[in-house]
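Quick notes on the structure that follows.
What follows is calculated from the coordinates using simple rules that are stated; it is not laboratory data. Fair warning: this is a prediction, and the values are worked out from it, not measured in the lab. Note that each Cβ is placed from the backbone with ideal geometry, even for glycine, and that neighbours are counted across all protein chains shown.
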Amino acid sequence: MKTLILLAVLLCVPTFVSAAAWDNDSPNWSLELKGGLFYPDVTDWSKYYGKKFTGEYGGAVSYKLFRQLEVGVEASYITATGSGVAPLNGVLSGEVTTQRVPVNVFLLARGVFYEKQLLVPYVGGGWNRTFYWQEIKHQGKVNGSVNGYVGRAGLQVLLDGIDTDASESLNTDYGVRHSYFFAEGKYTNAMASTATSGSVNLGGTSWLGGFLFEF
């Protein structure tokens, strides 16, 4: 998946750069609100936490360099509670609670060529810093942060035509030019050192859905 995302970015960015020019009616900012499932890259995660996935919730804000290309910041919150051997330090434990906050600085290309385009594909990637906290009941806490990288791709569906009156009100009252629903896949790599296995990836694969508002 990582290779495909990077290849898509390299192939798509030149096309987007040569696409329709910026105009005064085009939006300048994007706001994303999203949530879904996170599948960690930790071996035997289900052994520690009872299932192969957990929830992920977050958002992103980005500035459009021009209509098809934007730069932004994304943050997510991931948490899980379980028991067993804690993957970050390898000790036998009781209840284990882990929390992660990945923060991404990204470049994103959207395949939009006119303002009322119904389906818009997008690809992006960038730098990641993952902050983590892990508490083992009666045994203390582990916390820190690690650097990594992130890649994502998805498809957004224009919602403006569903209720034109509401769309016009959002534009007039709040400056929301367009609203979309989107679905995306994301991969995060963030390697941390451990006491037993040498290193563990605090990232993984996310399958997310949400809403995008363009201002």
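Distance in nm between label sites at Ile162 and Lys141, each 7 Å beyond Cα in the beta-carbon direction?
The answer from the label model is 4.0 nm.
Classify the stretch 35-154 as rounded, prolate or oblate from the Cα gyration tensor: take a ≥ b ≥ c as the square roots of its eigenvalues, call it rounded if a/c is under 1.5, otherwise prolate when a/b beats b/c and oblate if not. Don't jump to the answer; show the numbers that get you there.
Details: a/c = 3.49, a/b = 2.45, b/c = 1.42.
Since a/c reaches 1.5 and a/b is larger than b/c, the shape of the stretch 35-154 is classed as prolate.
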